Amino acid sequence: MADRSVLITGGTGGLGTAVTAVFAAAGWRVIAPQRRSPAPIPDPGANAPVRLVADLTDAADVARVAEVAAGDPEAPLRAVVNLVGGYANTGRVHETPVEEFDRMLTLNLRPTHLVTRATLPHLVAAGGGAVVCVAARAALSPFPGVAGYVTAKAAVLAFAAAVAVEYKASRVRCNTVLPSVIDTPGNRAAMPDADHSRWVDPAEIAAVIRFLASDESAPTSGAAVPVYGRA
């Protein structure tokens with residue numbers, strides 16, 4: 001039986017599937033909310049993720065997810081992994097409608113804030129734990145046409161740093177990983193002519209995230225960890 005739980009948002013995406021798998025393989029109880037009802041699995045297995053439908057931009061839905069994640073007294077919530085996000089190339093700043101700029105903030109920052117806010121009391125009550133957020137290399141090295149995305153990911157980075165400072169005394173750590181281009185089917189379809197060998201494999205990022213959520217990284221908080229591969 002699992003003795004600790006992890007809440008993973010975006011657990012069905014290209015990166016999320018790998019992250020969910022690595023935690024399940026390590027014996028964690030995994031809670032993986034998603035926007036649509038999951039397809040039935042004939043034989044889910046003992047360590048299959050707990051899946052529930054939720055809108056992670058809605059505070060009430062997020063509160064419900066947090067209660068489920070912390071609802072097993074034999075496996076207290078000890079880690080939260082914020083993977084939900086989105087990307088859009090909307091043109092230069094003066095060409096980008098404010099609605100598109102706001103949409104990037106909503107997709108990338110709001111779920112991270114709401115989920116972290118809702119789960120922090122549970123992590124504190126469990127005696128501590130870890131929050132891992134996902135920003136992007138672009139937050140540190142912007143490129144043209146994606147000001148909304150860059151701003152949102154930079155905000156995630158700043159938010160994670162604030163959590164690390166505020167909850168240090170409560171033994172809750174918060175770190176961020178910064179991918180460049182992740183080698184997912186979606187990215188390959190969008191960039192078929194790119195050198196995919198330079199991209200980072202989702203399983204490699206998943207291993208870093210699991211490390212940051214585990215007791216092995218106990219001295220580490222407030223870090224921004226590059227996971228660029230060779231990109």
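The values are calculated or read from the model by the stated rules, or taken from the named source; none is laboratory data. Because the structure is predicted, anything quoted here is derived from the model rather than measured. Using ideal geometry, Cβ is built from the backbone for each residue, glycine included, and neighbour counts are taken over all protein chains shown. We work out accessible area using only protein heavy atoms, side chains counted, and drop any ligands, DNA or RNA first. Shrake-Rupley method; radii C 1.70, N 1.55, O 1.52, S 1.80 Å.
The C-alpha atoms of the chain define a longest principal axis, and helix 14-25 lies at about 20 degrees to it. For the stretch 77-231, carbon and sulfur atoms together expose 57% of the accessible surface, with a 1.4 angstrom probe and every protein chain in place. What's the angle, to the nearest 10 degrees (0 to 90), between helix 59-69's Cα axis and the longest principal axis of the chain? So the helix axis and the longest Cα principal axis differ by about 50 degrees. The modelled label-to-label distance between His94 and Ser141, using points 7 Å beyond Cα along the C-beta direction, is 2.8 nm. Label zone of Asp193 (point 7 Å out along Cα→Cβ, amide N under 19 Å): in the stretch 107-144 this covers 144. Using the Cα coordinates of the stretch 1-127, the gyration tensor eigenvalues translate into equivalent-ellipsoid semi-axes of 29, 17, 12 Å, sorted from longest to shortest.
Rounded to whole numbers, the Karplus 3J(HN,Hα) couplings from phi for the stretch 102-115 are 4, 4, 5, 5, 5, 5, 9, 9, 4, x, 4, 5, 5, 5 Hz, using 6.51 cos²θ - 1.76 cosθ + 1.60 with θ = phi - 60°, and x at Gly and Pro. Hey, what angle do you get for helix 202-213 against the long axis of the chain, alpha-carbon based, 0 to 90 degrees rounded to 10? Tilt of helix 202-213: around 50 degrees.
At a probe radius of 1.4 angstrom, the accessible area of the chain per residue rounds to 48 square angstrom. Plainly put, the stretch 56-95 has a radius of gyration that is 1.26 times its Kirkwood radius, both from alpha-carbon atoms, as the Rg/Rh ratio.
Relative contact order, whole percent, for the chain stands at 20, derived from Cα pairs under 8 Å and 6 or more residues apart. Mean separation of Cα pairs under 8 Å and 6 or more residues apart, divided by the residue count, gives the stretch 92-168 a relative contact order of 42 percent. Taking every Cα-Cα distance in the chain and sorting them into 10 Å bins starting at zero, the pair-distance distribution P(r) comes out as 8, 33, 38, 17, 3, 0 percent.
Shown for the stretch 182-231 is the translational diffusion coefficient from the Stokes-Einstein equation, using the Kirkwood radius over Cα pairs, a temperature of 10 °C and a viscosity of 1.306 mPa s: 129 µm²/s.
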